[in-house]
Ligand SMILES: [Zn+2]
Ligand SMILES: [Zn+2]
């Protein structure tokens, strides 16, 4: 008798809500992470993904394309505002 019914320890916990995912449940996979279907959404704007949609993992968080690009723009901003615009404070 070797009915494989529910391989425990093989599904793991949802990377979004950290609850255990039952073995029979459909999951979304991203890299080494697994997610409940209902948990697999952009963690910034809650956008739900359809098959074929692009998503990104940033610091283990799911991001939609839009939010990911927004983050990247922020990340690439120069941290020295004085480099380009030298502000002068004129005291009157
Ligand atoms: Zn979950
Ligand atoms: Zn988003």
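Before anything else, pin down the relative contact order of the stretch 27-75: Cα pairs under 8 Å, at least 6 apart, normalised by residue count, whole percent.
26
What is the distance, in nm, between label points placed 7 Å from the Cα along the Cα-to-Cβ direction at residue 25 and at residue 37?
About 1.2 nm, to one decimal.
The numbers here are math on the coordinates, done by the rules we state, and not lab data. Note that the structure is predicted; figures quoted are calculated from it, not measured. With ideal geometry, Cβ positions are generated from the backbone for all residues, glycine too; neighbour counts draw on all protein chains shown.
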